[in-house]
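Participant: Attaching a single structure in structure tokens format; questions to follow.
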Amino acid sequence: MDNVLELQNVSKIYGSGRTAVKASDSINLHVKPGEIVLIMGPSGSGKTTLLSMAGLLLRPTEGRIRMVGEDVTDFGQRRMAALRLRSLGFVFQAYNLLGALTARENVELVLNMGGVKGRKAQERAIELLEMLGLGHRLDHKPADLSGGEKQRVAISRALANDPPLILADEPTGNLDSKTGYEVMELLCCGLGRDQGRAIVIVTHDHRLRDIADRALWLEDGQLGDGDGRFDPRKN
Ligand SMILES: Nc1ncnc2c1ncn2[C@@H]1O[C@H](COP(=O)(O)OP(=O)(O)O)[C@@H](O)[C@H]1O
Ligand SMILES: [Mg+2]
């Protein structure tokens with residue numbers, strides 16, 4: 001089976017001349033279906049840059065990106081957007097939910113954008129939120145939810161269009177460690193690996209190594225083998 005995601009010699013340089021910053025330096029990353037990969041590293045090491053390129057939100061300066069067997073590096077804006085909707089789910093530290101919408105509506109909106117409409121979208125949103133233990137919070141707005149609940153709504157939304165790959169940038173950053181672990185366990189074990197979905201997680205949370213298949217270490221834009229070069233003192 002093809003890799004869900006391949007970064008081939010990917011580099012990203014922000015700016016130019018004297019102020020240029022090489023945020024990613026010849027990164028190679030292959031992620032298989034159902035694989036859970038952690039990316040760890042100090043602040044400013046290029047984690048968000050890497051995830052943004054994997055998420056087709058930022059174009060690399062050099063290198064190729066392949067997704068589900070297809071080279072997508074040169075896709076235009078419209079094809080990128082369609083592919084993001086179909087193949088990718090995003091989970092962010094700040095949840096990024098729409099405050100004016102209820103939990104159910106936040107999930108429905110993404111379903112609608114993916115072409116699932118009306119009652120079908122409603123039913124699917126409810127089913128997802130129930131799977132994440134939020135059956136009693138369907139009509140609550142984000143402001144009336146706890147951090148863990150908000151992140152579970154965000155995960156429901158990321159799963160809405162059943163993408164083969166989920167990208168999470170410090171998803172437990174605003175949660176206490178127990179809640180963070182529980183939420184990620186739910187995502188990774190039940191809804192990720194068991195369904196053949198791959199998940200790439202940027203995190204400072206060492207406990208997530210128990211859930212992941214491998215952990216990689218990023219430093220100065222270079223990706224190393226987490227098991228060889230991993231140094232927990234740097235975190
Ligand atoms: N839009 C940008 N323009 C210029 N430099 C940036 C931009 N985004 C990030 N950087 C720089 O790139 C490096 C990596 O940033 P980032 O990917 O956000 O790291 P991390 O997520 O690991 O903290 C940092 O030196 C940061 O200052
Ligand atoms: Mg970051």
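The values are calculated or read from the model by the stated rules, or taken from the named source; none is laboratory data. What you see is a predicted model; the values in this text were computed from it and never measured. All Cβ positions, glycine included, derive from the backbone under ideal geometry; neighbour counts span all protein chains shown. Accessible surface areas use protein heavy atoms only, side chains included; no ligands, DNA or RNA. Shrake-Rupley method; radii C 1.70, N 1.55, O 1.52, S 1.80 Å.
Participant: With respect to the numbered conditions (1) farther than 21 Å from residue 57 by Cβ; (2) modelled with pLDDT of 95 or more; (3) among the aliphatic types (A, V, I, L, M), which one is the sole condition not fulfilled by residue 201?
Facilitator: (1)
Participant: If you don't mind, another one. For the stretch 40-58: of the residues being polar (S, T, N, Q) and farther than 17 Å from residue 4 by Cα, which is nearest to ligand 2 (Cβ to nearest atom)?
Facilitator: 48
Participant: Which one of 153, 110, 116 is at pLDDT 95 or above, assigned to a loop (DSSP other than H, G, I, E, B) and of a type in the set (A, V, I, L, M, F, W, C)?
Facilitator: Going through 153, 110, 116 in turn, the sole match is 116.
Participant: Condition check: in contact with a Ser or Thr (Cβ under 9 Å, 6 or more places away or on another chain), free of Cβ contacts under 8 Å to residues at least 40 places away in the same chain, more than 16 Å from ligand 1 (Cβ to nearest atom) and open to solvent by 10 Å² or more (accessible area, probe 1.4 Å). Does residue 146 satisfy that?
Facilitator: It is true that residue 146 is in contact with a Ser or Thr (Cβ under 9 Å, 6 or more places away or on another chain), free of Cβ contacts under 8 Å to residues at least 40 places away in the same chain, more than 16 Å from ligand 1 (Cβ to nearest atom) and open to solvent by 10 Å² or more (accessible area, probe 1.4 Å).
Participant: Out of all the residues in the stretch 206-220, is one or more part of a strand (DSSP E or B), of a type in the set (D, E, K, R) and open to solvent by 40 Å² or more (accessible area, probe 1.4 Å)?
Facilitator: yes
Participant: Just the residues that are in a helix (DSSP H, G or I), within 16 Å of the chain's Cα centre (by Cα) and within 17 Å of residue 131 (Cβ to Cβ), please, taken from the stretch 162-189.
Facilitator: Within the stretch 162-189, 183, 184, 185, 186, 187, 188, 189 qualify.
Participant: Can I ask one more? Here are the criteria: (1) farther than 22 Å from residue 4 by Cα; (2) within 16 Å of ligand 2 (Cβ to nearest atom); (3) open to solvent by less than 50 Å² (accessible area, probe 1.4 Å). Tell me which single one residue 93 does not satisfy.
Facilitator: (3)
Participant: From the list 61, 73, pick out the single residue that is surrounded by 14 or more Cβ atoms within 10 Å (Cβ to Cβ), among the polar types (S, T, N, Q), without any contact (Cβ under 8 Å) to a residue 40 or more places away in the chain and more than 16 Å from ligand 2 (Cβ to nearest atom).
Facilitator: 73
Participant: Among the residues of the stretch 1-30, write down those that are over 26 Å from residue 86 (Cα atoms), open to solvent by 80 Å² or more (accessible area, probe 1.4 Å) and not polar (S, T, N, Q).
Facilitator: Listed by number, the residues that qualify are 14, 18, 22.
Participant: If you don't mind, another one. Would you please name the residue that is farthest from residue 205 (Cα to Cα), looking only at residues in the stretch 165-179 that are within 16 Å of ligand 1 (Cβ to nearest atom) and surrounded by fewer than 19 Cβ atoms within 10 Å (Cβ to Cβ)?
Facilitator: 174
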